[in-house]
Each structure stands twice: as C-alpha cells, then as structure tokens.
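Enquirer: Attaching a single structure in structure tokens format; questions to follow.
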There are 2 protein chains.
Amino acid sequence: MDHRQLRELGQQLRVDAVRAADAAGSGHPTSSMSAADLMAVLLANHLHYSFDRPEHPGNDHLIFSKGHASPLLYALFKAAGAVPDGELLSFRKLGSRLEGHPTPRLPWVDVATGSLGQGLPVGVGLALAGKRLDRLPYRVWVLLGDSELAEGSVWEAFEQAGHDRLDNLTAVLDINRLGQRGPTRHEWDLDAYSRRVQAFGWHTVEVDGHDIAAVDQAFAEARSTALRPTAIIARTKKGRGVAAVEDREGFHGKPLPDAAGAIEELGGLRDLHVEVHAPPEVHEPERPTAALRLPRYDVGGKAATRDAYGRALAALGTARGDVVVLDGEVGDSTRAQLFAEDHPDRYFECYIAEQQMVAAAVGMQARGWVPYVATFAAFLTRAHDFLRMASVSRARLAVAGSHAGVSIGEDGPSQMGLEDLAMLRSIHGSTVLYPCDANQTVHLVAALADCPGIGYLRTTRGKTPVIYGPAERFPIGGSKVLRSSDEDRVTLVAAGVTVHEALAAAGRLAEDGIPARVVDLYSLKPADTATLRAAAEDTGCVVTVEDHHPEGGLGDAVAEAYADGGPVPRLTRLAVRTQPGSSTPEQQLHAAEIDAAAIASAARELVA
Amino acid sequence: MDHRQLRELGQQLRVDAVRAADAAGSGHPTSSMSAADLMAVLLANHLHYSFDRPEHPGNDHLIFSKGHASPLLYALFKAAGAVPDGELLSFRKLGSRLEGHPTPRLPWVDVATGSLGQGLPVGVGLALAGKRLDRLPYRVWVLLGDSELAEGSVWEAFEQAGHDRLDNLTAVLDINRLGQRGPTRHEWDLDAYSRRVQAFGWHTVEVDGHDIAAVDQAFAEARSTALRPTAIIARTKKGRGVAAVEDREGFHGKPLPDAAGAIEELGGLRDLHVEVHAPPEVHEPERPTAALRLPRYDVGGKAATRDAYGRALAALGTARGDVVVLDGEVGDSTRAQLFAEDHPDRYFECYIAEQQMVAAAVGMQARGWVPYVATFAAFLTRAHDFLRMASVSRARLAVAGSHAGVSIGEDGPSQMGLEDLAMLRSIHGSTVLYPCDANQTVHLVAALADCPGIGYLRTTRGKTPVIYGPAERFPIGGSKVLRSSDEDRVTLVAAGVTVHEALAAAGRLAEDGIPARVVDLYSLKPADTATLRAAAEDTGCVVTVEDHHPEGGLGDAVAEAYADGGPVPRLTRLAVRTQPGSSTPEQQLHAAEIDAAAIASAARELVA
C-alpha cells in the first residue's frame, strides 16, 4: 500500500478499535490508537501471512505483547478479511472468540497475552525455533507497550535475543508515554530506551510512530538488518486522532466518552481490505522418529529420579525428533544435560532466567515442538505467571522440578521446592506427577510427551531404592498399591521420597500388629480417586505424607478424592510444617516429621 | 588496613571458606574465593557496622545476593569477631545458624538469599528506605555473582535504582566467568556488563577483583559518587589461589578435593581480626502515631472491597507513621493510590515490576517499616519466588491482590487471579484473608499491620453488598456464621464474592424446605476449624464455593479442617473448573457454576 492508503488504514483501525470497545462497554481503545499506524504499515507492507492457513510453516508470527490492545489486533484481522465486521462488535461478549485479551481461541493467535512482559520472551522462543529448529525464513514481530518495559522478563528476552543474534525478530515499542495510572518512568525519552536495548546487543531505530513513511522505512531496516534483532522505538500518542483523549491521562482501559464523535473526528467508517503478503512456499521440517528405547534400572538398586529424568529425556530425544529441551543453567543438577550430550541441536541454554526459559518453550510448542523445561522445583516459582499464562495459551509443556523438598539436605530452604505441587496443581488443566523410583520416572517422562496442557514432573536430588521393574506401567491418573491385605486398618498415601518412608513405617506397624496399606500416589493430578476411595472404605483411616508444605500438595489431592459425597475416612496429614534449616537429608525428614517413625506414630494414633 | 594486611585478610577468608565447606562436606568454597579480596577490602576499609548492635540505625547493610558464597560471609563474620572459629566449622550442620545459604537467623543478615537475583532488588528497597524513609546516611552494599545477572529481576533493580538516583547503593559484581554448569553468557567481557548497567543510569568501575589497591580505590569511588548508584564490575577467578580449582570447570558447589593442601597453598591458617568502622551516631526516625479512624460503610449499601482497601490503607497511614505502600503501576485499580494522596512520602511507585515491588518491601521491613504491596492477584504470581524467600527471611509483609477470580468479568483469564489463594496458602507461616464486604475489609487491612509473616488480603473488582456493621470484629482465624438454625441440613462455606451467592442460595433452599447454614470463611489461613467442625457435626453436609481454581483454595482449606481424625462431613466443592473467556461478572459466575443457582443445586444433590 502507498502511504496515503496506509494513513487511511491506520484511521480505519482506530475507528474499528473505538467501535469494538464501544460495543463492549469496556476495553482499551486509546492503547490501540497509539499503535494503529505502526500495525497498519506492518500488516500491509511487511507481514507475510496466510490467514486462510494459520498453520502454514512459512507464516510470520505477530504477537501483541501489549495484549490489552486487542481491539487493534481484531481490527487488523478484520482488515485482512479474517474477521467479519459483525464479529468485531462481539468483542468481550459471552461466547465470542474476541476476548478482552487475545487467546489462541483465534487461529491467528499463537499465544495468550495480557500479563505484560510475556510477549517478547515468547517471541524469542519463536525466533529461536525459526533459526535453530524449523530453519525457516519466517519473521517474528512483537508489539510492546512502554509500561511493560519495566518487567524484568523483557530484559531476559532482550538479553537472550541479542546474544543469540536473532535477526528474524523485531520488537516494536509503542512509546505512548502514558501507563495505566499516569506517565511511564521514561515518558518520551526514546534515547533512554535505545541505550538500554542497544546495550543488550540490539539494533534500534527511533521513529515518529505516526509518520507513515518513517515507520515503513523502519520496518524495511529491521528486515534488512543482519545478525542483530531490531527494536523499532516509536514515539506515539495514546488515543491518537481524537482530541478529547489524545495524550491525556484518565482514559486508559475504557471506551471513548463520545464514540460517535470520535469516529467522525477520525474520518468515519472505512472498509479497506488488505491483501497480506503470502508466506513463502516452504515445508514443515522433518522430525524423524525411531523406536523408543528407555533406560532400565535393576530392582533393588538405588538411583536418583533426577538421573532417570535425564537419561529418559535423552532416550526420548532419540525416539522423537520433535522433543526439545531448555535449561536454566542447572542442567548438571536437573540432569537435562544428558539430553544435550546426545542432541545438542535441540538443547537451549537459557542461563538463570526461568521466565525466559518457560516463555521460549511456549513459543517453540506453538510451532509444533515438544519442549521439556527444567530447573530446581523452588525456582520454578520464578516462572509462575508464565506457567499460568501458558495454560491460558492452551500450550503443551513438560516441566520438571528437581531438588524437591527438605530431602535435598544441607543447602537449606532457599533451594527446597516446598510450594511447587501447590503451584502446579492450581494451574488449569495441569498434570502433576511425582515418581519415587527410577523406572517409574522413566515411564512418566515419556508419558509427558503426549500429555496435553502443562505436565509437571517432580524429581528428587538423592538416590532412592528402585522398587519397580522396568516393564511396569504407570498410567497418568493411576497409583500403585505397594502393600495391602484384607485386614488393613490404615492406609498410608505417599509419593516420591515419602513412599520409601511409608513402606518402612508399614513394616514397623506390622510388628505392632497394625496391618497397613501403602499407596504410591505418583499421579497427584489427576489422582486415582477409585483407589483412594477403596482405601477409605476398606481401612477407614488414611495418613498422607509429603515432602512439601501442608497446603496444596498431596494431602489436599487426597482429601479432594473424598469430596462429592462419597465415603470419607479419618485422615491425618503429615507435611513440612516448620521452616527447615541445614542438615542431612535424613535429619531433615526427621525434623519435618515425615520419616518412617513419624508416619508409624501418626498411624498408631489414628487407629487407636 | 593497609594493602599488605588486606591481602592477608583475603587469604584468611579463603582459608576459612575452604575449612567451613570441608567440615560440612558441602558448600561453595570456589564461589567464595573469587570474591574474598573484594569483601576483605569492604569489611576492613569501607563498611560501617556494629556487630554488637545489629539493630543500630546507622549500620550499613551488606547483602550477599550470591547467597551460595555463605562460607565467605561467615568467614567475614569470624574476622569481625562476631562468629567464633568453632561455630564457623558448624557450617551446614543440624541446628547451626550458619545455614547453607544465609538467613536472618544470624542477627547480621537482613534477608535470606540463595534464590539468585533477589539480593539487589532487596538492596534497592533498603537504599530507598535510607534515602526516603529513614533519611540516614547508611550505605547498602550488595555482592552479586555473574550468573545471576541473567535474571530479569536484577534489571528491574538496576532500573529502579538508576532512576531513583540511589547513590547510597553499591553493587559489587563478582565476574568469575564460571556458572554452575560452565561458562557464563559473557564470561570475562566486563564491558558487556558495563554497557548494560550504565544504560540503566549507573556509574560503573571496572576493576581487577584481586588487585587490592584497585579494589580499595573502586570502593572509595563508589562512596564519593553522587546522584548515581555505582556498580563495581570486578574480574575475578573462581577458586582463586588454589591451582587445582582456580578458573576450572567442575568445581562449583563442592568442597575442595584436597582441603589441607589448599590451605597450605593459601598460606595456612591466620587469625586476623578486623576492627570494623563504627556506624555514625544517629537515631531511629520518628514514626508518629495517631488514633486510628477507619472508614465506615453503611449496611445495605454497596462498595467494592478494593475501594475499602484503599480507604482503610490511607486511614492506617494516618494512624501509623510506620506504614508504607508500594505500587506496581496499578494503584488506580488496587486503590493503593488513595494512600498516595494522603501520604506521598511513604508511597513508592515501582511501575510494572512485581518482583522489585515485593523485594523493595522486604528491604524496607528489614528497617522496621510496615509495607503494604498490591497489584492484581493474577500478577502476584510474578513475585512468587520473592514471596517464598520473604518467608525464609522471616519478613513481615502485607500483600493485597485485587481483581480476584472470574468475577472481574470482561477482561478475561489473563487478568483473573485464580491461583493466588493456592500460592499464598502454601507459603510457610502465611495468613490468607478474603473479605466479602467493605467493613470487613477495613478491619482486616488494619489487622495485617500487626500480623507476623506474609499476610495476604484478596479483594474484588466489583461492588458487593455491605452486610456487616462498621463495629463488627473480624479476628484473624475467625469466621462469621451468617445464617443458621437447629434444623440446618447443609452448610454453605464461602468467602468473598461467593458469600453473597451462598446467601442467595440459602434463600432458595429455604423455599425448598432445606434449611442451610452459611459460613463466611473470610480467614482461609488460619481457618476457623471449630466452626467448620461444628457445621459438619450439625449438618453432615458441606458445600464449599470459591472464585478460584479447585486446587489450593477455600475447598482445600475447609477439607483440611476435617483431617486429624475429627468428624468428617459429606463434602461438595464448587470452584472454577473451566477456562473462562470474556463476559459479564454475572455470566462468569454462572458459567463457572459458582453462582447461587449452582450452589443451591449442589446442596440439593448433596442432601438428597
């Protein structure tokens, strides 16, 4: 399109954003209006995309990191002929795909945004996929607001992209000076942003975001810049084009006070249609497969489940060419490094930047890759908001947390995952697994590759006895009854390290004449409700024991099985109720009262 | 100390770090050895601190952001005469204060570290307190590793400190080139770090971290630099001084292979004592108090609990001069802004940087201030790791999450707090509150000021009916039975918005001849076990209903009351089990099946 048409298109996008928000009675038209010219030029002259074939491997990727500018995004979709005008006006209404913030319910949206500072990190993942996995020429365009540049996650992304020389990535910074509650920290100091972004190895272009010719030139410069990602730093005005709101405070996140007047001021309705450039004719990369040969451990031996994780992952990588692994600079601890040795091309070092690690994985899965990410369970809390949003994105993601619980020993509470089960269980549609031995781990690692949603696997630092044979099966949602009889008077429900403590406790209880059932609840979500209910019915008493805080973990998962009106047992929960210090793993389990002695004692008390 | 003595002191610190880790059989001596010269110079020549009076208001603050260098920190404490040699060798042993990573169990440690990238953000909070609250001349010194510079939280801190011109803050960057599993991203490229840090408005000094004279000069330069914080960017060698490990991979986080030989190579044991400079004679700032005049709402009216939060906070700020408020650029939404209007000097804008916001609060409370932080409940997940570590820090912190649940309506799932109760409940020693009306909110806001640990208050976007009088009391750990009779056949347990739905449901059930008890469980942790148990005993059936995912929230809290062998009711849990889209608040509650109709239906089914 020529510059006159582009100016018209920009006005159309503004008008449609105003109309959508007005019809909804809420939304962010002013945040859309600042970026309308930028996006008009991108859509018409620089984007390569087939709206008819959103799965086309050659498609560019456009992410609205400032997800609240959704009216603008939907106006773009309308201009491209993908969304009819009637649907545009369904914005934010019950059942509409045009949600308040974009989600992949729309086929042209890769990932959900709306929690600020996430779009660029995800874009880095897509750009990495383009360069190192797909090896396809698509480009990734990310629109950011200025307020979200305060988020550290954005700087993790600038760092990774600059260092990895992702010249297929362009960040468009919509510097409209006004945040939600007033001016941003740097207002219109474009140089302040340029200095920072350049320092991280990016090329930058400062531009008047309402000067169509300059914007067009900036996008061309971004496309032609090699070996560095480009940030287009655009000075814009919030609410641009409508005097009542332009560059004025107090108009964030609300419809325009006089929509009809605003539309008139913007030149009225238009119906420009944009013929978006077609993507190049390219093909999906091959992702070769081979027979899965999982590692096997001998029953009676000892092995750390984190070791089994790494070995299984390496084997899975050989069997499936679509599996990729991301590390947060602890691959030697999580054992993800074992994958790197066999499959260096599909291993991504994200250094200590857990948010970027998860976001990159979300980007890669949007391109059909099957990512596994791992760090210490404790440090996954750093990426909580990214995991939450990954769920809104309908992402498939395997997450492993190592060094779970007090059983890590001397390193102390800062390194102990004691909240991870609560965090992962509370995520919509998640799966939460916690194996107790190496063979079990191996099978669960493989199962996660086909598990929808966020799948979590919790591993242990120290070695634990191998109690299951390598041929045993461990379906998600299942459990293993390790010890039972018709005379059982109590059921001990455990997972991970506490399974071995529970088995020892059952031995002690047998000596006291108290037969005890032992359930290995390796699948915490979904949990094996049938086995838990049968245990309640058969034994009447249940003791749960977990290396985790009492809230949100195994105890809660078990108690949940007794909701909905079924039989309810007498229940005692053992969990980590004190602030740990440093000591040996055995001393830790003892101090937390989750060792065999504590379990036996609680069971005795409960049945008495 | 002169430079010869300082070199000796550096060697002593290395020797003691090696000895401590050797005695423990674990720990991070090589990460300590790289920073030993830096810390020797700081302790002897630049720090002002009274180890006899750790509460002295004039004391400098020294934070080891690289908490794994704890052997070095403890060696410093020994050199200062605070820790005897025998205790040094108790490092990482059961009961010892010298934990694997530092915690405030030691009186000279302000905050726990060990989750990387947190020390500098906390240091920014202390420096802000020094400048704007205490108005005292103490300095804040933060030792960082190079690996942790990949964490976005560090760049949130650089940004805030640079913009706020915190010249009382010095970051010491120990660039030893090696991370846990291999080289860092920038290895010894000091310029790469300088460019980035300078871009954020800091003064930087590049230095050989083992050149005592240069280091001494760098600290002097930091102290004399006005209007900008200083980063000393020091090229160092990991394991410095012991050839077997110096600058070699594979020696992270483990004792030296030959400790005796290493000690000999380092020149053997020394017993240098450092007379640390005394702090200036200054006094604690006055924190005036006045009578507490809380806002009052009329029963029968409607008000948003977030409005009540802001008004109560402003009133509390008038009554207590120690209350400070931090905002994540959403103060107009959380209503924290109402505090700013009355008490601008005690209000801190952290922009959209939730990690920095929480960390700054943790720093301020270490100086005796009583911080309240607030953002959308959904975005608190961004600061999960900081909240977790705040608990390890024994910090007192009031946290408010607004826009909880699907009841926010049109904005959609990215903005909905649906995991916040699970997150906050799982934090050790936390308190979790969820008021349903304005007067209740007001009282709970005030109560949090005296609540130990992490106190969480969940607020609602929309208006809810005022059902309690302003004189009503709401003790933490209590509940309110809003409706009850001797004939109750079912108990409805709710909190926040669902209280009003439960009351409506009870009305419908009464029409059906099913008398229902309604419990407002405004205190989720601790929960009112006695009332819940009585309800189970009296009615046998309990329906819980919450605007939150099913895991980790109200349902789990209620189920927990039925553990430990007491009476157990038939239990049905209503919660948000689907992925919400955009629609009105009423439509959202209906779609999630947590509205009055769904509650009544579940209760009917349960009692049938």
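Enquirer: Only one of these is within 14 Å of chain A (Cβ to nearest Cβ) and either assigned to a strand (DSSP E or B) or at pLDDT below 95 (or both): B:Leu120, B:Leu149, B:Leu144. Name it.
Expert: Values: B:Leu120 fails: either assigned to a strand (DSSP E or B) or at pLDDT below 95 (or both); B:Leu149 fails: either assigned to a strand (DSSP E or B) or at pLDDT below 95 (or both).
Exactly one of B:Leu120, B:Leu149, B:Leu144 is within 14 Å of chain A (Cβ to nearest Cβ) and either assigned to a strand (DSSP E or B) or at pLDDT below 95 (or both), namely B:Leu144.
Enquirer: For the range A:403-446, enumerate the residues that are more than 16 Å from A:Ala495 (Cα to Cα), within 9 Å of chain B (Cβ to nearest Cβ) and in a helix (DSSP H, G or I).
Expert: A:Pro413, A:Ser414, A:Gln415, A:Met423
Enquirer: Next question, about the same structure. How about the range A:188-220: which of its residues are charged (D, E, K, R) and in a helix (DSSP H, G or I)?
Expert: Going residue by residue through the range A:188-220, those that are charged (D, E, K, R) are A:189, A:191, A:195-196, A:206, A:208, A:211, A:216.
Scanning the range A:188-220 gives A:Asp191, A:Arg195, A:Arg196, A:Asp216.
Enquirer: When you go through A:Thr30, A:Thr103, A:Thr113 one by one, which is the residue that is open to solvent by less than 10 Å² (accessible area, probe 1.4 Å), within 14 Å of chain B (Cβ to nearest Cβ), modelled with pLDDT of 95 or more and under 19 Å from A:Asp146 (Cβ atoms)?
Expert: Details: A:Thr30 fails: within 14 Å of chain B (Cβ to nearest Cβ); A:Thr103 fails: under 19 Å from A:Asp146 (Cβ atoms).
Only one candidate passes the filter, namely A:Thr113.
Enquirer: Give me the pairs: first residue in the range B:76-103 and assigned by TED's automatic domain parsing to the domain that holds B:Leu143, second residue of a type in the set (Asp, Glu) and open to solvent by 20 Å² or more (accessible area, probe 1.4 Å), beta-carbon distance under 7 Å, and six or more apart or on different chains, which are they?
Expert: Pairs found: B:Lys78/B:Asp85; B:Arg92/A:Glu410; B:Leu98/B:Glu87; B:Gly100/A:Glu410; B:Gly100/A:Asp411; B:His101/A:Asp411.
Enquirer: I've got another one for you. How many residues, within the range B:344-366, are more than 14 Å from chain A (Cβ to nearest Cβ) and either touching a Lys or Arg at 6+ places or on another chain (Cβ under 6 Å) or open to solvent by less than 20 Å² (accessible area, probe 1.4 Å) (or both)? Can you show your working first?
Expert: Within the range B:344-366, the first condition is being more than 14 Å from chain A (Cβ to nearest Cβ), and the residues that meet it are B:345-346, B:361, B:363-366.
Still in the running and either touching a Lys or Arg at 6+ places or on another chain (Cβ under 6 Å) or open to solvent by less than 20 Å² (accessible area, probe 1.4 Å) (or both): B:361, B:363-365.
Adding up the residues that qualify gives 4.
Enquirer: Which one of A:Glu560, A:Glu537, A:Glu501, A:Glu551 is open to solvent by 10 Å² or more (accessible area, probe 1.4 Å), at pLDDT below 95 and closer than 23 Å to A:Ala422 by Cβ? Spell out the reasoning first.
Expert: On the way: A:Glu537 fails: closer than 23 Å to A:Ala422 by Cβ; A:Glu501 fails: at pLDDT below 95; A:Glu551 fails: at pLDDT below 95.
After ruling out the rest, the residue left standing is A:Glu560.
Enquirer: Got a sec? Which of B:Arg132, B:Arg185, B:Arg165 is open to solvent by 10 Å² or more (accessible area, probe 1.4 Å), assigned to a helix (DSSP H, G or I) and at pLDDT 95 or above?
Expert: Working: B:Arg185 fails: assigned to a helix (DSSP H, G or I); B:Arg165 fails: assigned to a helix (DSSP H, G or I).
On inspection, the qualifying residue turns out to be B:Arg132.
Enquirer: Could you check the range A:504-520 and list, in sequence order, the residues that are assigned to a loop (DSSP other than H, G, I, E, B), open to solvent by 30 Å² or more (accessible area, probe 1.4 Å) and touching a residue at least 40 places away in the same chain (Cβ under 8 Å)? Quick ask: steps written out before the conclusion?
Expert: Narrowing the range A:504-520 to residues assigned to a loop (DSSP other than H, G, I, E, B): A:512-515.
Applying the additional criterion that residues be open to solvent by 30 Å² or more (accessible area, probe 1.4 Å) yields A:512-513, A:515.
If the condition is that a residue be assigned to a loop (DSSP other than H, G, I, E, B), open to solvent by 30 Å² or more (accessible area, probe 1.4 Å) and touching a residue at least 40 places away in the same chain (Cβ under 8 Å), then A:Asp512 is the only one that fits.
Enquirer: With respect to the numbered conditions (1) facing chain B (nearest Cβ under 7 Å); (2) out of contact with any strand residue (DSSP E or B) (no Cβ under 8 Å at 6 or more places or on another chain); (3) within 19 Å of B:Cys541 (Cα to Cα), which one is the sole condition not fulfilled by A:Pro567?
Expert: Every condition holds for A:Pro567 apart from (1).
Enquirer: Still on this model: Report the residue count in the range A:566-608 for those that are open to solvent by less than 60 Å² (accessible area, probe 1.4 Å) and not in a helix (DSSP H, G or I).
Expert: 19
Enquirer: Answer with yes or no whether B:Thr491 is surrounded by 16 or more Cβ atoms within 10 Å (Cβ to Cβ), closer than 30 Å to B:Tyr372 by Cβ and modelled with pLDDT of 95 or more.
Expert: Judged against the criteria, B:Thr491 is not a match.
Enquirer: Moving on. On the given criteria, is A:Pro71 in a helix (DSSP H, G or I) and either in the same structural domain as A:His163 (by TED's automatic domain parsing) or over 25 Å from A:Leu173 (Cα atoms) (or both)?
Expert: Working: in a helix (DSSP H, G or I): yes; either in the same structural domain as A:His163 (by TED's automatic domain parsing) or over 25 Å from A:Leu173 (Cα atoms) (or both): yes.
Taking the combined requirement at face value, the residue satisfies it.
Enquirer: With touching a residue at least 40 places away in the same chain (Cβ under 8 Å), farther than 23 Å from A:Ala591 by Cα and assigned by TED's automatic domain parsing to the domain that holds A:Ala591 as the only criterion, which of A:Ser523, A:Ser485 stands out? Write out each step before concluding.
Expert: Working: A:Ser485 fails: touching a residue at least 40 places away in the same chain (Cβ under 8 Å).
A:Ser523 is the lone residue from the list that is touching a residue at least 40 places away in the same chain (Cβ under 8 Å), farther than 23 Å from A:Ala591 by Cα and assigned by TED's automatic domain parsing to the domain that holds A:Ala591.
Enquirer: Give the range B:316-335 a look and list any residue that's more than 10 Å from chain A (Cβ to nearest Cβ), small (Gly, Ala, Ser) and either crowded, with 23+ Cβ neighbours inside 10 Å or touching a His at 6+ places or on another chain (Cβ under 7 Å) (or both), or say none.
Expert: Listed by number, the list holds a single entry, B:Gly317.
Enquirer: As an exercise: evaluate B:Thr431 against (1) open to solvent by less than 20 Å² (accessible area, probe 1.4 Å); (2) under 23 Å from B:Val576 (Cα atoms); (3) more than 30 Å from the chain's Cα centre (by Cα); (4) of a type outside the set (Asp, Glu) and give the number of the one condition it does not meet.
Expert: B:Thr431 satisfies all of (1) open to solvent by less than 20 Å² (accessible area, probe 1.4 Å); (2) under 23 Å from B:Val576 (Cα atoms); (3) more than 30 Å from the chain's Cα centre (by Cα); (4) of a type outside the set (Asp, Glu) except (3).
Enquirer: Going through the range B:548-561 one residue at a time, which ones are more than 7 Å from chain A (Cβ to nearest Cβ) and outside any helix (DSSP H, G or I)?
Expert: Passing the criteria: B:His548, B:Pro550, B:Gly553.
Enquirer: Please specify each residue of the range A:254-291 satisfying the condition of being open to solvent by less than 50 Å² (accessible area, probe 1.4 Å), within 30 Å of A:Gly27 (Cα to Cα) and in contact with a strand residue (DSSP E or B) (Cβ under 8 Å, 6 or more places away or on another chain).
Expert: A:Val276, the sole residue that qualifies.
Enquirer: Of the residues that sit in the range B:172-182 and are out of contact with any Pro (no Cβ under 7 Å at 6 or more places or on another chain) and open to solvent by 30 Å² or more (accessible area, probe 1.4 Å), which one is farthest from B:Asp208 (Cα to Cα)? Break it down stepwise before answering.
Expert: Restricting attention to the range B:172-182, the residues satisfying the condition of being out of contact with any Pro (no Cβ under 7 Å at 6 or more places or on another chain) are B:172-176, B:178-182.
This time we only want the ones that are open to solvent by 30 Å² or more (accessible area, probe 1.4 Å), so: B:180-181.
Working: B:Gln180: 22, B:Arg181: 24 Å.
Top of the filtered list is B:Arg181.
Enquirer: Here's a follow-up. Please go through the range B:179-226 and pick out each residue that is away from chain A (no Cβ under 14 Å) and aliphatic (A, V, I, L, M). Steps first, please.
Expert: From the range B:179-226, those away from chain A (no Cβ under 14 Å) are B:188, B:203, B:205-226; that's our starting set.
Of everything in the range B:179-226, those that are away from chain A (no Cβ under 14 Å) and aliphatic (A, V, I, L, M) turn out to be B:Val205, B:Val207, B:Ile212, B:Ala213, B:Ala214, B:Val215, B:Ala218, B:Ala220, B:Ala222, B:Ala226.
Enquirer: Does B:Glu55 count as within 14 Å of chain A (Cβ to nearest Cβ), assigned to a loop (DSSP other than H, G, I, E, B), charged (D, E, K, R) and within 22 Å of the chain's Cα centre (by Cα)? So that I can check it myself, show each step before the final result.
Expert: Values: within 14 Å of chain A (Cβ to nearest Cβ): no; assigned to a loop (DSSP other than H, G, I, E, B): yes; charged (D, E, K, R): yes; within 22 Å of the chain's Cα centre (by Cα): yes.
The answer is no for B:Glu55.
Enquirer: Of all the residues that make up the range A:379-396, how many are open to solvent by 10 Å² or more (accessible area, probe 1.4 Å) and among the aromatic types (Phe, Trp, Tyr)?
Expert: Total meeting the criteria: 1.
Enquirer: Please state which one of B:Gly86, B:Gly81 is at positive phi, more than 14 Å from chain A (Cβ to nearest Cβ) and either open to solvent by 20 Å² or more (accessible area, probe 1.4 Å) or of a type in the set (Lys, Arg) (or both). Can you show your working first?
Expert: Working: B:Gly86 fails: at positive phi.
Exactly one residue qualifies, and that residue is B:Gly81.
Enquirer: Next question. Return the pairs, sorted by first residue and then second, in which the second residue is among the hydroxyl-bearing types (Ser, Thr, Tyr) and modelled with pLDDT of 95 or more, the first residue lies in the range B:447-459 and is in a strand (DSSP E or B), the beta carbons are less than 6 Å apart, and the residues are 6+ apart or on different chains.
Expert: B:Ile454/B:Ser391; B:Ile454/B:Ser430; B:Gly455/B:Thr431; B:Arg458/B:Tyr434
The values are calculated or read from the model by the stated rules, or taken from the named source; none is laboratory data. Being a predicted model, the structure only gives us computed values, none of them experimental. Don't worry about glycine lacking a Cβ; one is built from the backbone with ideal geometry, like all the others, and counts go over all protein chains shown. Accessible surface is based on the protein model in full, side chains and every heavy atom, while ligands, DNA and RNA are left aside. Shrake-Rupley method; radii C 1.70, N 1.55, O 1.52, S 1.80 Å.
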